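Okay, so here's the structure we're looking at.
Rule-based calculations on the coordinates, nothing more; no lab input. Since this is a predicted model, take the numbers as computed values, not measurements. Note that we place each Cβ from the backbone using ideal geometry, even for glycine, and neighbour counts take in every protein chain shown.
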Amino acid sequence: MNATANTLSQEKQSDQEIILLTKDQIVDLIRKKLEQAGLPREQALQVADHLAYADSLGVHSHGSVRVEYYAERIYKGGSNTHPDFKIEETGPCSAVVDGDNAVGFVVANLGMRQAIEMAREKGLAMVGMKRMGHCGTLSYYLRQAAAEGLIGLSMCQSDPMVVPYGGAQPFFGTNPIGFACPVDGGSPIVFDMATTVQAWGKVLDARARKKKIPDDWAVDKDGRPTTDPFALSGLCAVAGAKGYGLMMMVDILSGTLVGQPFGPHVTSMYAHLDQGRELGQLHIVINPASFGDPKVFTRNISQMVQELHACRPAVGHTRVLYPGERSAQVEKKYRESGIPIVREIYDYLVSDDIFQNTYELGDPFAVRR
């Protein structure tokens, strides 16, 4: 592929050159890079589809900006490319997946398939995953449940990057949590958030785009608010003590519950890239048919959405949207116009470089400019 292809064009955005690609082009570029790093094709396709999905929804913090990191860890042996997965059903509605330190996307997909099958049969499923790598955006897995007419919740732990409420040094990770529910005749309700004011990936995206960050996202080495995405030493919990409580809950349910390390003992994304991450995750899937008439459930959800749309919008807004609806609009726009990728990231994807030793830095906040 080259920049003269009919399906590729350029524009300027925030002083950064932007390349417009189709989703299929992004998948192909990422797959090739991950295969070059040593990941078998079927796994590389799973990861590529996930990252292209994130870019296609405008969640660029979890898209192609992450490829070099994954490629470096795969090449150095920190992701098991030939895992021996084990699934143990531990109860009527529970199971644990041992991911054998494979790439997190593959393990999380496996766990969600197990949870969907169990929820269809038994009404409820709780599937814990352990010994896995970073899993990307939770909404990707949650949409799988919603597509089957099921309700999904998911959460995962991450390495310590967040200053706890009342503290001055990182303890917990960004520890995201998400929810999805089907909507009859529309895009699903999807809620996916870090328990920080913003996900770390948003900072990475700001670095790639050479943009400042809002002063409530992070603090510097002295615990003071900073707008420099390269100067931060800790992220901030959303809503203070409330976000702090949520991130602790996520750490317990997705990590401690399945026997994984907690808080400051969780391995860093940016150290020992030749070793497995040993992360934990939890999928909860609910079958509405096991809790009442599914037609009544669907009707009530449809009514909720209609009444939200009928709410009087605030100044500056044209309509009240439900969670996930804006992403669906972005996906439609990008499908028609192309998905914007920063030139620097595109150049890496089409290069012969597997990685440039950008991420083996020990300090999670020390990624190069």
statement: Taking a straight Cα-to-Cα line shorter than 20 Å from LYS86, and setting aside same-chain aspartates and glutamates fewer than 8 residues away, one finds GLU42, ASP98, ASP100, GLU117, GLU278
message: On a 27 Å Cα-Cα criterion, which of the cross-link pairs LYS295/LYS332; LYS202/LYS242; LYS122/LYS242 come out too long?
response: LYS295/LYS332; LYS122/LYS242
- line: Note to self: C-alpha centroids of segment 212-267 and segment 45-94 sit apart, in Å, by 22 Å
field: Among THR195, THR358, THR81, residue whose mean-square fluctuation peaks in a GNM of the chain (springs only between Cα atoms under 10 Å)
entry: THR358
field: Sites GLU88 and ARG41 - FRET efficiency at Förster radius 30 Å, r taken between beta-carbons, to 0.05
entry: 0.60
- line: Scalar couplings 3J(HN,Hα) for segment 286-291 by Karplus 6.51 cos²θ - 1.76 cosθ + 1.60 (θ = phi - 60°), nearest whole Hz, x for Gly and Pro, are 10, 9, x, 5, 8, 10
field: q = 0.08 Å⁻¹: log10 I(q)/I(0) that the Debye formula gives for the chain, counting C-alpha atoms only
entry: -0.40
field: Radius, Kirkwood style, for segment 260-354 when every pair of distinct Cα atoms is counted (Å)
entry: 19.4 Å
query: How high is the relative contact order of the chain, in percent, with contacts defined as C-alpha pairs under 8 Å that are six or more residues apart?
result: 22 percent
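Taking N as the number of residues in segment 94-158, what is its Cα Rg relative to 2.2 N^0.38 Å?
1.03
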message: Is the C-alpha gyration tensor of segment 29-112 telling us rounded, prolate or oblate? Criteria: a/c under 1.5 is rounded; beyond that, a/b larger than b/c is prolate, otherwise oblate.
response: oblate
